[in-house]
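**Student:** Below you'll find the structure I mean.
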Amino acid sequence: MPGRPIRELGEDRVLSRFRALALGTVGADVVVGSGDDAAVLRCPGTVEGPATSGPHRDLLLLFACDMMVEDVHYRFDWAEPRQVGWKAMVQNLSDIAAMGGSPTAAVASIAAGGDLSEDVLSGIGEGLVAAASRYGAALVGGDLVGSPGPVVVDVSILGWVHPDHLLLRRGARPGDTVLVTGSVGAAAAGLAARHQAVGEAESTLLTEALRSHHEPCPRLDEAHAIAGTGLATAMMDLSDGLVTDLPRLCEQSGVGARIRTGAVPVGRACTYVATMLGLSDLRLALAGGEDYELLLTCPSERVPELRSTVIEQTGTEVTAIGEVTSDRKVVFLDADGREQDFGRGFDHFAAVRRVQ
């Protein structure tokens with residue numbers, strides 16, 4: 001077929017074309033369409049929220065989806081089937097968290113060849129259910145199809161959020177502080193360790209890195225604490241790495257950002273594995289992705305209040321790593337104020353070539 005290979009366009013350009021095509025289909029019930037971690041919809045009638053004292057007619061519906069492809073997002077010689085199902089669900093739970101919402105129900109579809117082991121398929125299902133139930137959602141259906149290609153696990157999820165707690169990628173303002181929950185880099189370090197065939201028995205920090213890669217946890221409690229303060233101006237989850245995701249948030253908000261790389265909370269497991277493998281822990285932390293931490297902005301004078309609330313309610317640290325600017329450029333600065341280039345984070349189409 002004619003046209004440039006989509007790897008030359010990049011994932012964001014491809015997505016923008018789909019958004020343009022879909023724009024004409026968006027009706028009055030769509031509050032937020034494509035471009036955020038989840039779509040936001042108005043639903044008529046009464047919705048009972050699990051964290052509410054009674055029926056509320058003003059809750060908004062959140063709708064998101066994500067998929068995992070064998071040998072692209074996971075390998076069965078690295079991950080147990082249960083871990084594959086767990087991670088496929090967590091990706092979607094994290095999207096609901098990024099909007100300040102609560103998950104309610106999910107459906108999962110699996111494409112696989114007929115020679116796939118029953119135990120493998122059951123293990124994937126067990127992981128899907130375990131992650132959903134752990135974070136307050138239910139697996140309510142899905143689809144199974146035969147496929148000659150790799151095993152694909154596709155999840156779609158519903159959630160709810162009160163309008164006062166809804167957080168979007170747009171809303172960051174010049175002068176706001178850029179913050180991140182927890183620490184970053186452990187998941188990327190775990191993947192690097194797998195590529196280098198490093199054994200799990202090396203240390204507890206290596207085990208932590210591998211667990212972060214295979215069994216991530218969504219920051220739902222932290223998201224609820226952040227949304228409850230009413231102080232965050234924008235938020236998203238860190239699934240593709242800070243160097244990729246922060247520009248997306250800034251683009252939606254029409255702003256730029258200056259990040260102090262020395263302030264980025266690099267996880268101890270990331271540093272340990274990076275040192276062992278001769279890699280840069282900062283590069284893993286900034287460009288690796290799959291941390292599922294929350295990236296957010298907040299007026300600088302309200303940062304202490306937001307941080308103390310999140311720490312008090314969840315025990316999770318929130319770290320200031322930079323400032324929002326008005327020049328629409330995202331830069332990463334070292335301790336001497338020099339700009340650093342960490343390349344791009346994960347791009348689906350640049351990373352994968354079509355099998356002829």
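The values are calculated or read from the model by the stated rules, or taken from the named source; none is laboratory data. Computed from a prediction, not measured in an experiment: that's the story for all the values here. All Cβ positions, glycine included, derive from the backbone under ideal geometry; neighbour counts span all protein chains shown.
For every residue, the table says whether it meets (1) within 30 Å of G230 (Cβ to Cβ); (2) crowded, with 24+ Cβ neighbours inside 10 Å.
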site	(1), (2)
D95	yes, yes
A131	yes, yes
A138	yes, no
G146	no, no
G149	no, no
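**Student:** Could I ask something else about it? Please find, within segment 246-276, the residue that is surrounded by the most Cβ atoms within 10 Å (Cβ to Cβ) out of those that are farther than 28 Å from E208 by Cβ and in contact with an Asp or Glu (Cβ under 6 Å, 6 or more places away or on another chain).
**Tutor:** That would be G256.
**Student:** Restricting attention to helices (runs of 4 or more DSSP H) lying wholly within segment 202-253, give those where 1 or more residues are closer than 23 Å to T325 by Cα and of a type in the set (A, V, I, L, M, F, W, C). Before you say what the answer is, go through the steps one by one.
**Tutor:** On the way: elements: 204-214, 220-229, 242-253.
Qualifying helices (runs of 4 or more DSSP H): 220-229, 242-253.
**Student:** Only one residue in G190, G185, G159 is modelled with pLDDT of 95 or more, surrounded by 21 or more Cβ atoms within 10 Å (Cβ to Cβ) and touching a His at 6+ places or on another chain (Cβ under 7 Å), so which one is that? Outline the logic, then answer.
**Tutor:** Numbers: G185 fails: touching a His at 6+ places or on another chain (Cβ under 7 Å); G159 fails: touching a His at 6+ places or on another chain (Cβ under 7 Å).
The match here is G190.
**Student:** Okay, next question. From the list A232, A209, A263, A225, exactly one residue is of a type in the set (G, A, S), in contact with a Leu (Cβ under 8 Å, 6 or more places away or on another chain) and outside the structural domain of D95 (by TED's automatic domain parsing). Which is it? If you could, list the steps in order and put the result at the bottom.
**Tutor:** Working: A209 fails: in contact with a Leu (Cβ under 8 Å, 6 or more places away or on another chain); A263 fails: in contact with a Leu (Cβ under 8 Å, 6 or more places away or on another chain); A225 fails: in contact with a Leu (Cβ under 8 Å, 6 or more places away or on another chain).
Just a single option satisfies the conditions, and that option is A232.
**Student:** To continue, here is another question. Scan A131, A64 and give me the residue that is under 22 Å from the mean Cα position of the chain (by Cα), outside any strand (DSSP E or B) and touching a residue at least 24 places away in the same chain (Cβ under 8 Å). Spell out the reasoning first.
**Tutor:** Working: A64 fails: outside any strand (DSSP E or B).
It is A131.
**Student:** Quick check on my filter: what residues within segment 270-317 are touching a residue at least 40 places away in the same chain (Cβ under 8 Å), part of a loop (DSSP other than H, G, I, E, B) and under 23 Å from I96 (Cα atoms)?
**Tutor:** G288, G289, E290, D291, Y292, E293, T316, E317
**Student:** Would it be correct to say that R75 is among the basic types (K, R), surrounded by 15 or more Cβ atoms within 10 Å (Cβ to Cβ) and at pLDDT 70 or above?
**Tutor:** Working: among the basic types (K, R): yes; surrounded by 15 or more Cβ atoms within 10 Å (Cβ to Cβ): no; at pLDDT 70 or above: yes.
In short, no.
**Student:** Would you mind telling me which numbered condition in (1) crowded, with 22+ Cβ neighbours inside 10 Å; (2) assigned to a loop (DSSP other than H, G, I, E, B) V180 fails?
**Tutor:** Unmet for V180, out of (1) crowded, with 22+ Cβ neighbours inside 10 Å; (2) assigned to a loop (DSSP other than H, G, I, E, B): (2).
**Student:** Of the numbered conditions (1) at positive phi; (2) not assigned by TED's automatic domain parsing to the domain that holds E305, S156 satisfies every one except a single condition; which is it?
**Tutor:** Unmet for S156, out of (1) at positive phi; (2) not assigned by TED's automatic domain parsing to the domain that holds E305: (1).
**Student:** Against the conditions (1) assigned to a loop (DSSP other than H, G, I, E, B); (2) on the phi < 0 side of the Ramachandran plot, where does G171 fall short? Just the number, please.
**Tutor:** Every condition holds for G171 apart from (2).
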